[in-house]
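Below is one structure; the comments refer to it alone.
Nothing in this text is a laboratory measurement; each read-out follows from the coordinates by a stated rule. Please read these numbers as outputs of a predicted model, since none were measured by experiment. Here the Cβ positions follow ideal geometry from the backbone for every residue, glycine too, while neighbour counts run over all protein chains shown.
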Amino acid sequence: MNDSQPKATSSPDSSSPKQGLRSRAALAKRKLTTRHGWIGDYDYAWLCLPSLPFSKRSRRPPPFYALDAELPLLLAIFTGFQHALAMLAGLITPPIIFASALSLDSATSAYMISASLIGAGILSLVQLSRIPLFGGYYLGTGLISVVGTSFSTLSTANAIFDAMYSDGTCSSTTASDGTVTRDACPDAYGKLLGTSLICAFLEIGLAFVPPRILKRIFPPIVTGTVILLIGASLVGSSGVPNWGGGSNGCQNFPTSGIFELCPTTLAPRPLPWGSPEFIGLGFLSFISIILTELFGSPFLKNISIIVGLAVGCIVSGAAGYIDGSSIKTSPVITFLWVHTFKISVYPPAILPMLAVYVSLAMEATGDITASAEVSRLPVDGIEFDSRVQGGILSDGVGGFLSALFTVTPLSIFAQNNGVIAITRCANRSAGRWCCAFLILFGVLGKISGFFLAIPNPVLGGVTTFLFATVAVSGVRVLSYAEFTRRDRFVLAAALSFGLGDLLVPGIFTHLFDGVDNPSSGLQGLFNSITIILSTPFLAAGIVASLLNVILPREDEAAAVEDGYDSEARESSELEAQRNGRGSSEGKMEEA
């Protein structure tokens, strides 16, 4: 089989619309009526057969399909489906966590999952399109740059929700033993959406800043620190607590109320938090991911998260841990705006959400670079800079539109780069089919009900691995830094705040308790500062960015080189002295 890159089809001449129409019709007919148009020369067995021990199978990869190459229809559908499956875990996790944090009912929670899937499908199409605008600017990357809810938004939103329950925006119920239970607060989600809507204009503005300036302001030492702490904080705040049974309050072992057992006392088989049964279910999902990586086919390796969820759900369902009420009550067909939220602005959340959009621009730059690299496109030059500009602009516009879709900011995902690398298909046709599958998954309401029925330990075992991969991505970005003395200083200062927040979460919670009768505006400012300081990646990112700007940039490369030169001179002089002494001693012996 030829490993050469398939040639892209030539576009029809725009000066002859009839000829162009006939050319497109002939292309469509060839794709739909010929074996090559449907199947092509791709080795589907290579993609689907597992890597069993002692099995003899060809390791020669299939040809690489570039951005605009002619792609067989079956391969486009197949790889698009694989992209959609690879995205599912990252798309369903944030709505589930948001709904749990706000104690929302199952119908609203299922709708939030559906809205997330539909919104991701629509806005991914915008990123794929690369629409030309004025003055050489674009909207979208033109790559398979799919979008999803950023985990930076997830971490910040949890801190914002905590502040809303603390200041009385959302109500809570206190039991006789002192246990505090959060009441349902859908308005809090509406306030998050409204605040996100107005803050999206910051990222839209950042899209018109030259990429070289953004890279100078946010080098790898800053972006890597932010991504590392996003993953680490989510492991501790959501992943592991859900693995133990739930992150809704049952992990605090209250002596009364519905959270006395996990996930609640109303569940089919409630147990205390951290019970062996819960730990075992989460570990089963976790080990399934590892076994898939060991023995799975390239197709399964790309969707190992879904495999872990499927295995955990099968076993937990057979053991009676799944509550199927969410599946029964979910509609067969749904769409956006079936449920709506009262959109408003929560002033204390403005500064944190502005910081989130800055982090989204940083993440987008790195994700677009990785996507271009794996798609075998240049990662520098005017064309690449325009892809970065178009991607950041599409992220900002997507943040605005996603709020109108009742979804938290949808930004560029990097999870699909692995699918491109393994399938060797960077063609945008696969991306369009991926968007179609995402919209279909969202429209079919029963699918969202099924995701909502996943037991917490199964979800926790999978998301712990998923959030840890985010932290590993941060480590990888940090590896691009030169780690000069200045870089090490910036990293140490940033981690002082980030790790401090991570290990002692309540250190800044009572920072302004001593202020007597502050005005409403001043109290809102205090709450904003508290949210920022209590969110590890925000505090660390701000410290790293400020120090990166104000610390003088020494010419450390020259200093190091001078140091090496001086050391080399000293060692050569010492060697010369030794050689001279040795030669004189030799002459004395000869005499």
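Computed quantities for the displayed model
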quantity: Most positive-pole-ward Cα, SER520, VAL470, PRO505, against dipole of the range 470-530 from beta carbon charges; calculated: VAL470
quantity: 5 angstrom amide H check on TYR138, placed H, neighbours 5+ away; calculated: LEU133, GLY390
quantity: Non-local Lys pairs in the chain, i.e. 8 or more apart or on different chains, that have alpha carbons under 22 Å apart; calculated: 7
quantity: Given charges at Cβ of Lys, Arg, Asp, Glu: the chain dipole, positive-most of PHE450, LEU401, PRO331; calculated: PRO331
quantity: Beta bridge orientation in the chain: antiparallel %, DSSP, nearest 5; calculated: 90
quantity: Relative contact order of the range 183-287, pairs being alpha-carbon contacts under 8 Å that are 6 or more residues apart, as %; calculated: 16
quantity: Cα centre as origin, Lys/Arg/Asp/Glu Cβ charges: the range 392-528 dipole, Debye; calculated: 720
quantity: Computed [θ] at 222 nm, deg cm²/dmol, the chain (DSSP H ≥ 4; -39,500 (n - 2.57); rounded to nearest 500); calculated: -21000 deg cm²/dmol
quantity: Counted charge near PRO457, where neighbours are those whose Cβ lies closer than 13 Å (Asp, Glu -1; Lys, Arg +1); calculated: 0
quantity: Amide H contacts under 5 Å for TYR65, placed H, 5+ residues apart; calculated: CYS425, ALA426
quantity: Full-extension gain in nm, SER256 to ARG216, via 0.36 nm per residue minus C-alpha separation; calculated: 9.0 nm
quantity: Candidate values (1) 57; (2) 35; (3) 41, label of the one derived for percent of Cα pairs over 39 Å apart; calculated: (2)
quantity: Anisotropy class of the range 378-515 from Cα gyration tensor, a/c 1.5 cut; calculated: oblate
quantity: Charge context of ASP395, other residues only, Cβ under 12 angstrom, K/R +1, D/E -1; calculated: -3
quantity: Dmax and Rg, reported as Rg then Dmax, of the range 351-424 (C-alpha, Å); calculated: 13.4, 41
quantity: Per the chain, cysteines lacking a partner by the 4.7 Å Cβ criterion; calculated: CYS48, CYS199, CYS313, CYS425, CYS434, CYS435
quantity: Only Lys, Arg (+1) and Asp, Glu (-1) charged, at Cβ; the range 346-398 dipole about Cα centre in debye; calculated: 120
quantity: Over the chain, relative contact order from alpha-carbon pairs under 8 Å, at least 6 apart, %; calculated: 26
quantity: Order by protection proxy (mean Cβ within 10 Å, highest first), peptides 389-396, 193-200; calculated: 389-396, 193-200
quantity: Computed E for ILE131/PHE335 - FRET, C-beta separation, R0 25 angstrom, nearest 0.05; calculated: 0.55
quantity: Average projection area in nm² (convex hull over Cα atoms of the range 86-205, one quarter of hull surface); calculated: 9.2
quantity: Charge sum, other residues only, whose C-beta stays under 15 Å from ALA319's C-beta, Lys/Arg counted +1 and Asp/Glu -1; calculated: -1
quantity: Leading residue at positive end of dipole, the chain (Cβ point charges), from THR93, SER116, LEU271; calculated: SER116
quantity: Simple label model, 7 Å out from Cα along Cβ direction - GLU482 to LYS342, nm; calculated: 5.5
quantity: Per-residue HN-Hα couplings for the range 132-147 [Karplus 6.51, -1.76, 1.60; θ = phi - 60°; Hz; x = Gly/Pro]; calculated: x, 10, 8, x, x, 8, 10, 10, x, 8, x, 10, 7, 9, 7, 10
quantity: Ordering of 65-76, 352-363, 290-301 by burial proxy (mean other Cβ atoms within 10 Å per residue, highest first); calculated: 352-363, 65-76, 290-301
quantity: Hydrodynamic radius (Kirkwood) for the range 243-344, which is based on Cα pairs only, to one decimal in Å; calculated: 16.0
quantity: Percent breakdown of C-alpha pair distances by 5 Å bin, ordered from the shortest bin, for the range 218-276; calculated: 4, 20, 21, 15, 10, 8, 7, 6, 5, 3
quantity: Student exercise, the chain dipole from Lys, Arg, Asp, Glu Cβ charges, in Debye to nearest 20; calculated: 2820
quantity: Karplus 3J(HN,Hα) series, Hz, for the range 37-44 with 6.51 cos²θ - 1.76 cosθ + 1.60 (x for Gly, Pro); calculated: x, 8, 10, x, 9, 6, 8, 5
